[in-house]
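Below is one structure, written out as structure tokens, with a few remarks after it.
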């Protein structure tokens with residue numbers, strides 16, 4: 001599809017939602033790069049002259065570590081969940097669908113905190129238990145979306161693909177996956193966004209991330225820390241969600257199912 | 001050129017296709033007509049092995065179709081279906097190029113073929129090549145579907161209710177186009193439909209199917225004049241069978257020497273159309289004019305009557 005004409009793009013930028021997004025991105029960048037300039041805003045929330053801005057680590061480093069953890073976990077979830085989704089929608093793997101669904105559901109039902117608690121004795125403190133918890137937690141949306149997307153490919157299109165002589169593999173790669181891509185990406189997006197919030201729990205087991213700020217605030221009864229930790233995490237989740245939505249539209253511009 | 005030998009398909013207890021044997025002639029259109037559930041689609045799909053027969057075999061050009069992997073076989077056989085099955089994420093040109101790509105044609109040859117087919121199907125390449133299926137009308141989508149099926153110059157084209165989703169006017173046009181294309185490429189076509197008029201219009205030979213069996217297989221006129229089974233007679237229609245028979249003969253074929261002061265009719269018109277014209281004008285005869293404008297004789301009402309019943 002040819003992209004919209006230049007004047008249209010300008011108009012898109014002027015939409016209120018777009019203005020809000022740009023403002024949110026600016027706010028996040030400003031806070032991470034020059035946190036001290038926000039000190040006057042947070043000072044009223046502190047008591048006894050405590051620091052209004054988190055000072056036990058670099059916010060930018062923590063935010064980056066946070067994003068890296070979430071993205072690594074989501075990548076692992078995506079590989080496993082998509083692979084499993086493909087497997088259980090093939091003729092040979094159909095019988096594994098109920099089993100896979102149950103396993104993935106357990107991953108979602110089991111609270112991440114509990115996963116952390118179980119993982120720490122096995123793998124020790126640090127990033128790894130957090131990665132495991134996020135990986136398990138993020139499987140469900142990707143798996144379910146992959147399965148639904150592959151199961152709802154238009155039958156006529158699949159029949160035509162086979163009828164023209166595509167092998168099962170060619171059909172999967174050239175037809176089924178491209179048609180399923182919007183829903184699969186949607187699942188990855190959901191999983192990523194949920195995990196941006198969930199990853200704050202990782203700081204309880206010494207993973208680097210913005211959870212550190214919140215936990216420091218809770219320990220020292222510093223509302224300013226709690227608030228800025230929460231705000232930063234929230235802003236990141238919203239912006240990540242938007243960024244992925246844009247990517248999704250780009251990638252799937254041509255996938256249209258009547 | 002296509003031989004079906006005692007082809008049978010069972011799903012559990014149900015026998016969907018029951019020992020069907022028939023031979024499809026080269027360069028002809030064979031239509032399989034039947035009610036829904038008669039097994040006609042299953043029969044068609046056994047030819048390109050989208051359905052594997054329970055027993056019996058299919059020979060194309062004398063060789064058993066099970067001698068090569070199914071997906072390689074299908075690349076040599078065109079396949080067009082009712083809901084066209086165009087890939088929504090590929091452009092018109094990319095859709096048509098699917099089988100040539102699978103066969104490893106080089107880019108130049110593929111592009112040339114795509115342009116040729118778009119031209120034949122009256123879709124201007126400059127306008128349509130880069131459009132997506134959802135940007136086309138139903139009739140255009142259907143034409144792209146058939147163009148795609150013909151892309152790799154298959155000797156055999158299988159069509160499953162290809163015009164079922166089109167409105168009557170576009171359908172008639174699509175049927176005309178198919179006849180032209182069959183003349184142009186000489187493709188052997190096997191077409192499945194539930195519409196007996198479509199079967200008579202397109203088929204050099206028609207097979208009537210019911211409950212998994214072929215009741216009769218023959219030329220359209222044979223089915224009308226010598227139905228082998230009451231059900232064949234019912235399907236072909238008793239009330240207007242004379243009209244159907246007339247529609248199978250063209251004015252050029254029935255023209256007799258002589259002059260007429262009646263209206264001029266084209267040689268390609270069917271006797272049914274000529275009769276209608278004569279009744280409408282209240283005259284007894286018409287003169288037949290060939291496509292190049294030369295007079296080919298005349299047709300009288302008496303002459304038409306002699307064609308409207310079994311010889």
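Points to keep in mind about this one:
- Taking chain A and dividing mean pair separation by its residue count, relative contact order in percent (alpha carbons under 8 Å, at least six apart): 24
- Helix A:223-251 and the longest principal axis of the C-alpha atoms of chain A enclose an angle of approximately 20°.
- Among B:239, B:70, B:151, the residue with the largest mean-square fluctuation in a Gaussian network model of chain B, with springs joining Cα atoms closer than 10 Å, is B:239.
- Amide N of the range A:121-143 lying under 17 Å from the label point, which is placed 7 angstrom from the Cα of residue A:109 along Cα→Cβ: A:136-141
- Rounded if a/c under 1.5, otherwise prolate or oblate - chain A, Cα gyration tensor axes: oblate
- Listed peptides A:116-129, B:35-48, B:183-196 by packing density, highest first (mean Cβ within 10 Å): B:35-48, B:183-196, A:116-129
- Inter-probe distance in nm under a simple model that places probes 7 Å from Cα toward Cβ, at residue A:15 and residue B:15: 6.2
- Within the range A:213-229: backbone nitrogen closer than 15 Å to the residue A:61 label point (7 Å, Cα to C-beta): A:213
- The protein assembly as shown - share of DSSP beta bridges that are antiparallel (%, nearest 5): 50
- Rounded to 5, percent antiparallel among DSSP beta bridges of chain B: 50
- Chain B: relative contact order as a whole-number percent, Cα under 8 Å and 6+ apart: 19
- Folded to 0 to 90 degrees: helix A:112-123 orientation relative to chain A principal axis, Cα: 90
- Residue B:180/residue A:227 FRET efficiency (R0 60 Å; Cβ-Cβ; nearest 0.05): 0.20
- Cα gyration tensor, chain B - rounded (a/c under 1.5), prolate or oblate: oblate
- Over the protein assembly as shown, DSSP H runs of length four or greater, each weighted -39,500 (n - 2.57), average out per residue to a 222 nm ellipticity of -16500 deg cm²/dmol.
- For peptide A:155-162, the mean count of partner chain Cβ atoms within 10 Å of a residue's Cβ comes to 6.
- Span from the the range B:18-41 Cα centroid across to the the range B:76-120 one, whole angstrom: 26
- Computed from Cα positions, the angle between helix B:271-281 and the longest principal axis of chain B comes to roughly 40 degrees.
- The distance separating the Cα centre of the range B:250-311 from that of the range A:55-129 comes to 79 Å.
- Euclidean distance of C-alpha centroids, the range A:201-218 and the range A:221-250, integer Å: 16
- Taking every C-alpha pair closer than 8 Å and separated by at least 6 residues, the mean separation divided by the residue count of the range B:136-221 gives a relative contact order of 24 percent.
- Sorted peptide list for A:170-177, A:241-248, criterion being average Cβ within 10 angstrom, highest first: A:170-177, A:241-248
- Shape category assigned to the range B:64-156 from the gyration tensor of Cα positions, a/c cut at 1.5: prolate
- With the simple spin-label model, which puts each label point 7 Å out from Cα in the Cβ direction, the residue A:128 to residue A:71 separation comes to 2.4 nm.
No value in this document is a laboratory result; all are computed from the given coordinates. Source: prediction; values computed, not measured. Ideal geometry is used to build each Cβ from the backbone, glycine not excepted, and the neighbour counts take in all protein chains shown.
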